[in-house]
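Beneath this line is the structure, given in structure tokens, with notes to follow.
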Amino acid sequence: MSAHDQTVGLDTGLKKDQAGATAETARRAEVRGNVLLTAPALIVLFCCASGPLLIMLVYSFLTAGDYGGIIWGLSGDGWSNVFMQRDIFDDTLSIADAHISIFWRSLKLSVLTTVVALIFGFPTAYFIATRPLKTRNLWLFLITIPFWTNLLIRTFAIVEVIRNQGVINTALLSFGLIDEPYQILFTDFAIMVGMTYVYLPLMVLPIYASMEKFDFRLVEAGYDLYATKMKVLRRIILPLAKPGIVAGSILVFIPSLGAYVTPRLLGGGKNMMLGNLIELQFGQGRNWPLGAALSFTLLLIVMAALIIYVRGVGKSDGQHG
Amino acid sequence: MAKAKAIGAAAARQHGSVGDVAAVTAANVTKTFGSGDDGVVALDDVSVSIRQNEFFTLLGPSGCGKTTLLRLIAGFELPTQGDILLEGEPIGHLPPYQRPVNTVFQSYALFPHMTVSENIGFGLQMLGKPQAEVASEVERMLALVRMEALAKRRVDQLSGGQQQRVALARALAPHPKVLLLDEPLSALDLKLRKEMQIELKHLQGETGITFIFVTHDQEEALTMSDRVAVMDNGKILQVGPPREIYDHPADRFVANFIGETNFLTAELTSLSKSGGRVKLPSGKTVAVTLADGEFSEGQVTVVIRPEHARLTKAKSKTTLTGVLRNIVYIGTDTHYHLRLPGDTPFIVRTQNQRDTQESYQQGDELGIEISANAVQVLRD
């Protein structure tokens with residue numbers, strides 16, 4: 001259906017082009033003006049994002065220096081080391097299990113974080129959107145409170161709560177519910193909880209924005225037409241909140257995948273994520289080309305995941321019309 | 001609740017077939033919003049029976065409780081006291097999705113993420129009808145409201161009148177026992193509104209479904225309804241066919257709300273089975289009809305519709321006399337605003353003919369003749 005719409009749209013678009021050439025030049029002039037408005041942002045983006053990215057791309061194809069940095073000589077080692085490792089004694093190549101498991105953990109924890117943030121964030125956004133106009137801003141204000149404190153401090157606070165001598169374990173021990181501390185810190189679970197906490201507002205706010213415009217009389221119309229509460233949620237509320245859900249999921253998933261501080265503090269040395277692996281290559285690992293190649297791999301994973309996600313969402317859209 | 005059910009069942013047995021049972025009954029329904037001293041009584045002990053296949057209108061000013069009564073029948077609100085019966089069965093406690101009743105909303109409330117067809121088929125789909133049946137029923141409904149050509153459009157690409165039709169088709173598609181219409185025409189312009197009034201009446205006849213229509217527009221109510229209930233302040237003041245409501249208003253509010261009216265204070269001098277006689281301020285005595293209720297001789301308020309009075313220059317024998325203050329020409333009619341002795345305002349309406357010259361002037365003292373059977377005594 002959407003494909004059909006697109007061809008129709010193209011068709012009429014062509015006709016319009018043929019019809020009004022003068023309108024077209026006027027439109028182009030307007031576009032030129034609008035492009036100028038975006039120039040400052042484009043310059044910043046080029047200097048701070050595209051430029052460094054280009055440098056990284058070049059580095060990933062160079063040879064690693066013995067004490068960090070790079071040596072100007074072409075080498076494929078950076079890229080091959082992403083998934084393979086060379087044995088230090090007999091130079092045979094084997095699959096880099098450690099890297100694979102880090103990729104897998106990053107992907108798994110990011111997806112989990114996104115899902116849990118959605119499960120917690122949607123009801124919260126719905127709740128705020130259904131409050132009277134006067135109290136809504138207060139609730140939104142409360143949602144933003146965590147942003148007031150530095151991420152590092154907030155994460156240390158979580159450590160304080162979940163570590164073996166922390167609040168939870170001390171309480172459980174003193175109530176006699178457990179005999180020895182329950183290991184929460186330095187687990188994947190701890191990372192996921194931490195990332196969910198940090199990124200939850202990024203899920204709530206876009207969903208709230210899409211729910212705020214929602215006409216709740218549609219819910220009544222749904223009930224009137226024999227839809228139960230679950231069906232009203234699935235067939236009416238969720239499809240109309242979808243732009244917010246998509247935006248929120250993307251906003252949570254991307255930073256989760258490259259997260260650094262949270263897995264570093266809550267996951268410890270063993271439960272590394274991609275961000276930590278990359279940092280390691282530029283630090284103790286002294287393998288800048290590998291770090292650069294890993295960064296680009298992360299970029300490609302994000303792009304692939306987004307394409308798959310947006311395509312999937314678009315497809316289910318076609319079913320509902 | 002159990003008692004109400006027993007009454008409903010008894011009523012069904014008594015009448016033998018379901019066809020004789022009222023489509024919808026409100027039994028002593030009270031609805032209060034909020035509680036304690038802040039509580040607002042939206043409906044105050046309302047009882048009314050709506051017959052099968054009837055075009056029934058709830059008419060009243062905003063805040064009179066008409067929409068609340070509609071929402072109670074739909075199930076969006078639960079009664080504080082009393083119950084709603086559907087064909088004799090109490091439904092006051094059921095959620096809206098378990099009531100075989102559908103609503104056309106004032107805002108239409110069409111689902112913006114669905115096409116016209118998907119909107120119309122939604123109710124049937126939720127009822128779990130097979131895909132083929134849903135499709136054929138949607139086709140039928142599209143034809144009924146003449147929207148076949150726009151079946152695949154998204155609803156936000158439709159005009160107000162088209163959205164109105166889709167809302168109607170969507171509510172009719174699941175074959176509800178009762179269709180509720182909450183001021184559905186208020187967003188349309190005058191010409192379209194007139195067209196839709198006739199179309200709605202036609203649809204009601206064609207589908208044989210009981211329509212309950214809410215409006216604050218008295219003309220709309222008179223045009224379409226089989227019976228009208230006039231509401232004010234959470235109460236139903238009068239129920240009857242449009243002609244009865246117009247010609248025999250029960251009280252001052254009904255008389256005033258529906259059409260233009262002249263109010264006079266008079267003295268009831270004699271009572272009979274079907275009516276009585278009153279002595280007007282002018283000293284003349286006329287026959288009157290009485291509103292429902294108890295009357296005793298003495299001072300009463302009577303109403304006379306402007307079109308039931310006639311002006312004449314010979315003022316010696318007429319029922320009333322007055323001084324002409326104003327002449328208002330409104331195309332079809334001319335309104336003559338007079339003052340009776342004692343400064344009581346009185347309006348006479350005359351239908352205009354072509355080529356007639358205006359024969360009266362401001363300041364003329366004129367006689368007013370009243371048609372036979374045109375004086376109604378109000379319940380006060």
| Overall Cα dimensions of region B:233-315, principal axis frame, Å, largest first | 45, 30, 21
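At a 10 angstrom cut-off on C-beta neighbours, averaged per residue, how do the peptides A:223-229, B:225-231, A:237-243, B:126-132 rank from highest to lowest?
Numbers: A:223-229: 21.7, B:225-231: 23.7, A:237-243: 17.9, B:126-132: 12.6.
Per-residue mean Cβ counts within 10 Å order the peptides as B:225-231, A:223-229, A:237-243, B:126-132.
If you take the accessible area of A alone plus B alone and subtract the pair, what total do you get in square angstrom, rounded to 100, with a 1.4 Å probe?
Numbers: alone 20200 and 19050 Å², together 37070 Å².
Accessible area lost upon association: around 2200 Å².
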| field | Near-label residues of region B:341-379 by backbone N, under 18 Å of a point 7 Å along Cα→Cβ of residue B:313 | value | B:356-369
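Using a Förster distance of 60 angstrom, determine the FRET efficiency expected from the C-beta separation of residue A:286 and residue A:29, and round it to 0.05. All intermediate terms of the calculation are to be shown ahead of the outcome.
Details: r = 54 Å, r/R0 = 0.90.
So the FRET efficiency works out to roughly 0.65.
Once the piece of chain linking residue A:170 and residue A:57 is laid out straight, how much longer is it, given 0.36 nm per residue of separation minus the C-alpha distance between them?
On the way: separation 113, 0.36 × 113 = 40.68 nm, distance 4.89 nm.
Between residue A:170 and residue A:57, full extension yields an extra 35.8 nm.
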| said: Can you give me the C-alpha center-to-center distance between region B:193-271 and region B:177-192, rounded to a whole angstrom? | reply: 16 Å
| remark: On the formula 1/(1 + (r/R0)^6), with r taken between the Cβ atoms of residue A:217 and residue B:35 and R0 of 41 Å, the FRET efficiency rounded to 0.05 is 0.95
| Magnitude of the charge dipole, the protein assembly as shown, Cβ model with Lys/Arg +1 and Asp/Glu -1, debye to 20 | 380 debye
| query | Per Stokes-Einstein, at 25 °C and 0.890 mPa s, what whole-number D in µm² s⁻¹ belongs to region B:91-236, with the Kirkwood radius over Cα pairs as the hydrodynamic radius? | reply | 154 µm²/s
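Expressed in nm to one decimal, what extension gain is obtained for the pair residue B:364 and residue B:223 from 0.36 nm per residue of sequence separation less their Cα-Cα distance? Can you show the working numbers first?
Values: separation 141, 0.36 × 141 = 50.76 nm, distance 3.67 nm.
That works out to 47.1 nm of additional length.
Mind ordering A:73-81, B:318-326 by average Cβ neighbours within 10 Å, highest first? Please list the in-between numbers first.
Details: A:73-81: 15.3, B:318-326: 17.9.
Peptide ranking by packing, descending: B:318-326, A:73-81.
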| said: For region B:269-380, take every pair of Cα atoms, bin their distances at 5 Å starting from 0, and report each bin as a whole percent. | reply: 2, 11, 21, 22, 17, 13, 8, 5, 2, 0
| Links that overshoot a 25 Å alpha carbon limit, given the list A:108/A:213; B:66/B:177; A:108/A:270 | A:108/A:213
| Kirkwood Rh, Cα atoms: Rg over Rh of region B:35-99 | 0.97
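When Rg is the radius of gyration of the Cα atoms in the protein assembly as shown and Rh is its Kirkwood radius, what does Rg/Rh come to? Mind dumping the intermediate values first?
Working: Rg = 38.0 Å, Rh = 32.8 Å.
Ratio value, two decimals: 1.16.
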| remark: When the charge dipole of chain B is computed with +1 at the Cβ of Lys and Arg and -1 at the Cβ of Asp and Glu, the Cα pointing farthest to the positive end, of B:287, B:352, B:234, is that of B:352
| message | Need the list of aspartates and glutamates near residue B:31 for cross-linking: C-alpha distance under 13 angstrom, and skip anything on the same chain fewer than eight residues off. | response | B:44, B:45, B:77, B:83
| What share of all Cα pairs of chain B, in percent, falls into each consecutive 10 Å distance bin? | 5, 20, 24, 22, 16, 10, 3, 0
| field | Heavy-atom SASA rank of B:51, B:170, A:86, A:136 (probe 1.4 Å, accessible area, largest first) | value | B:51, A:86, A:136, B:170
| note | Going through B:284/B:317; B:201/B:235; B:152/B:201; B:129/B:201; A:231/B:129 one by one, the pairs whose alpha carbons sit over 21 Å apart turn out to be B:201/B:235; B:152/B:201; B:129/B:201
| To the nearest Å, what is the center-to-center distance of region A:166-243 and region B:275-295, using C-alpha atoms only? | 72 Å
| query | Which values of log₁₀ I(q)/I(0), to two decimal places, follow from the Debye formula for region A:96-319 at q = 0.13, 0.15 Å⁻¹ with a uniform point scatterer at every Cα? | reply | -0.89, -1.07
| query | In whole angstrom, how far apart do the alpha carbon centroids of region A:92-122 and region B:348-380 sit? | reply | 89 Å
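For chain A, with only Lys/Arg (+1) and Asp/Glu (-1) charged at the beta-carbon, what is the dipole magnitude about the Cα centre, in debye rounded to 20? Display every interim value, and only then the final one.
On the way: 25 positive and 21 negative charges, 245 e Å.
So the magnitude is around 1180 debye.
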| note | Farthest towards the positive end of the dipole of the protein assembly as shown, among B:160, A:143, A:114 and with Cβ unit charges of +1 on Lys and Arg and -1 on Asp and Glu, lies the Cα of B:160
| In nm, spacing of pseudo-spin labels at residue B:62 and residue B:356 (7 Å Cα→C-beta vector) | 3.8 nm
| message | Applying a 10 Å radius around every beta-carbon, put A:249-260, A:25-36 in order of their mean neighbour count, most first. | response | A:249-260, A:25-36
| query | How about region B:74-116: which of its residues lose at least 50 Å² of accessible area in the presence of all protein chains relative to their chain isolated, using a 1.4 Å probe? | reply | B:97, B:111, B:113
| Rounded to the nearest whole Å², what accessible area per residue is found for the protein assembly as shown with the 1.4 Å probe? | 53 Å²
| field | Most positive-pole-ward Cα, A:172, A:186, A:198, against dipole of region A:130-223 from beta carbon charges | value | A:198
| Considering the alpha-carbon set of region A:226-281 alone, what are its Rg and its Dmax in angstrom? | 18.3, 59
| message | Suppose each label sits 7 Å from its Cα in the direction of the beta carbon; what would the residue A:39-residue B:207 distance come out to in nanometres? | response | 6.1 nm
| Calculated SAXS-style log₁₀ I(q)/I(0) at q = 0.18 Å⁻¹ - region A:95-214, Debye, Cα scatterers | -1.02
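The values are calculated or read from the model by the stated rules, or taken from the named source; none is laboratory data. Every value quoted in this text rests on a predicted model; they were computed, and no experiment measured them. Note that we place each Cβ from the backbone using ideal geometry, even for glycine, and neighbour counts take in every protein chain shown. For accessibility, only protein heavy atoms count, side chains too; no ligands or nucleic acids. Shrake-Rupley method; radii C 1.70, N 1.55, O 1.52, S 1.80 Å.
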